[in-house]
Amino acid sequence: MERRRILCAVSGGIAAYKTPELVRGLVRSGFDVRCAITASAARFVAPLALETVSGHRVRADLFDRAEEGEIDHIALADWAELVVVAPATANLLARMAIGMADDLVTTLLLATRAPLLVAPAMNVNMWRHPATRGNVEVLGRRGVRFIGPESGALACGWEGEGRMAEPARIVAEVTLALGPRTLAGERVVVTAGGTREPVDPVRSLTNRSSGKMGFAIAAEAARRGAEVVLVAGPSALPTPPGIRRIDVQTALEMRDAVLGEWPSARIVVMAAAVADFRPADRALQKIKKEDLPEGAAPSIALVRNPDILAEISALPRDGRVVVGFAAESHDVLDSARRKLERKGCDLIVANDISREQGGFDSDRNAVAFVWPGGPVEELALLPKTEVAAQLWDRIEKRLGALPRDAGAEPSAGASR
Ligand code: C5P
């Protein structure tokens, strides 16, 4: 099986002498590891040591043509499924926090879309300094995960927090963060965000949706090894690593994209908030109030958009799994049950948008899984990343119970 790809970024602290041991541990655990080091890291750890344990040339210079020729920095940033920064000095944390790209390592950290695991190491007073505290907080809010530092005797002579986490602990965290590739070989389509239905060149009707839930679902599927297509309505969210993204504006464009991907997909998760109606006519020029009688407003005739979820659920299923979402403000579970029946999908993920916490724009969500025939599983308020993991656990279980015959054009006689 293909080895999972880890980029190990090393900055210049005394703990860097432990990095070859970390790299060795990662390689022994079956990972493919490449190293990138800062100029000051090279004063603490010999590039040759990292090269020998990783089996790859170490990258150290953004402008070295031989190094760039082998794998350029953007290709390396994209190559990584996970980036481990060990050790991370106070200086590197500061440069990461403000998004500097003034050497190879910071450029890689800015360019990669892979999750970051950071193992800080520094003097206890540097770690406790409000400037470092602030940087750690900023990075944490951006999704960076910290391992350590641990407490104990520091190389500088002080006692306290500041020791880099032990290599074995970092290896364990990496293994946990990457998780098993339980969806390897599966093709997945996820829709996310709201659609935008133009009224004229400047105005549109849209549904409220940050896209965060759908993006988290797509990211988790990719993390588990699936080939993922993300059909996204207008959204500024970055594309998670390893995903093919199709940007769409309208429900009709989303329908075309989903139907185009359907034949080769095995799992479709429709997390998008699709506008149910669109303006019957799209004015080619901006509708101007000056062109209307004084005080008058135009009326906009609406027509129904196709229900993409109902449409694909009615196609021959051939072992596929189709999941819909139901954002409800009242009678959440009853509405979700009715939706499940009406649309004919395999599972509805219901969420209560009237709650104060979770839902729109939030990083957390409280959902219930509503299954055909009545069973309901209600989850607590959880980070959307965790909701995504729980959803994929359920889908995987269901896939295990289905024959593996999807992925080709559905045959005409098949039924769901
Ligand atoms: O009908 P309602 O919008 O509440 O249903 C929500 C579910 O149906 C979501 O999974 C959404 O992506 C999907 N949907 C759709 N096409 C529509 C409306 C909703 O696929 N026109």
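The values are calculated or read from the model by the stated rules, or taken from the named source; none is laboratory data. On a predicted model such as this, the values are computed, not experimentally measured, just so you know. Because the Cβ atoms are built from the backbone with ideal geometry, glycine has one as well, and the counts that use them run over all protein chains shown. For the accessible areas, the whole protein counts, side chains as well, though only heavy atoms, and no ligand, DNA or RNA atoms are used. Shrake-Rupley method; radii C 1.70, N 1.55, O 1.52, S 1.80 Å.
Worth a mention:
- Scanning the chain for chymotrypsin sites (Phe, Trp or Tyr not before Pro) in DSSP loops with at most 15 neighbouring Cβ atoms within 10 Å leaves 159-359 as the longest stretch between them.
- Karplus 3J(HN,Hα) series, Hz, for the range 169-183 with 6.51 cos²θ - 1.76 cosθ + 1.60 (x for Gly, Pro): 5, 5, 4, 4, 5, 5, 4, 5, 5, 7, x, x, 8, 6, 10
- Shape descriptor for the range 321-378: Rg over Rh equals 0.97 (Cα atoms; Rh from the Kirkwood inverse mean 1/r).
- Karplus 3J(HN,Hα) series, Hz, for the range 124-133 with 6.51 cos²θ - 1.76 cosθ + 1.60 (x for Gly, Pro): 4, 6, 5, 5, 7, 4, x, 5, 5, 4
- Percent of Cα pairs exceeding the 29 Å cut-off, where the set is the range 5-177: 11
- The relative contact order of the chain, computed from alpha carbon pairs under 8 Å that lie at least 6 residues apart in sequence, is 11 percent.
- Other residues with beta-carbon under 15 Å from the beta-carbon of ASP276 carry, at +1 per Lys or Arg and -1 per Asp or Glu, a net charge of +4.
- Residues with amide H under 5 Å from that of PHE146, placed H, sequence gap 5 or more: VAL118
- 5 Å-binned pair-distance histogram of the range 298-339 (Cα, whole percent): 5, 15, 19, 17, 18, 13, 8, 3, 1, 0
- Accessible area per residue was computed with a 1.4 Å probe on protein heavy atoms; ILE353 scores about 60 Å².
- Near PRO238: Cβ cut-off under 12 Å, other residues only, Lys/Arg at +1 and Asp/Glu at -1. The net charge is +4.
- At the residue level, ASP72 shows approximately 60 square angstrom of accessible surface with a 1.4 angstrom probe and all protein chains present.
- Rounded to 5, percent antiparallel among DSSP beta bridges of the chain: 30
- Solvent-accessible heavy-atom area per residue, rounded to whole Å², over the chain at 1.4 Å: 48
- Fraction of accessible area attributable to carbon and sulfur, the chain (%, probe 1.4 Å): 51
- Neighbours of VAL188, meaning other residues whose beta-carbon lies under 12 angstrom from its beta-carbon, give a summed charge of +1 when Lys and Arg score +1 and Asp and Glu score -1.
- For the chain, the fraction of C-alpha pairs farther apart than 37 angstrom is 36 percent.
- Scalar couplings 3J(HN,Hα) for the range 17-34, obtained by applying the Karplus form with A = 6.51, B = -1.76, C = 1.60 to θ = phi - 60°, are 5, 8, 5, x, 5, 4, 4, 4, x, 5, 5, 5, 7, x, 8, 8, 10, 10 Hz; x denotes Gly and Pro.
- Peptide ranges 372-381, 191-200, 168-177 listed from the most packed, as the mean C-beta count within 10 angstrom indicates: 191-200, 168-177, 372-381
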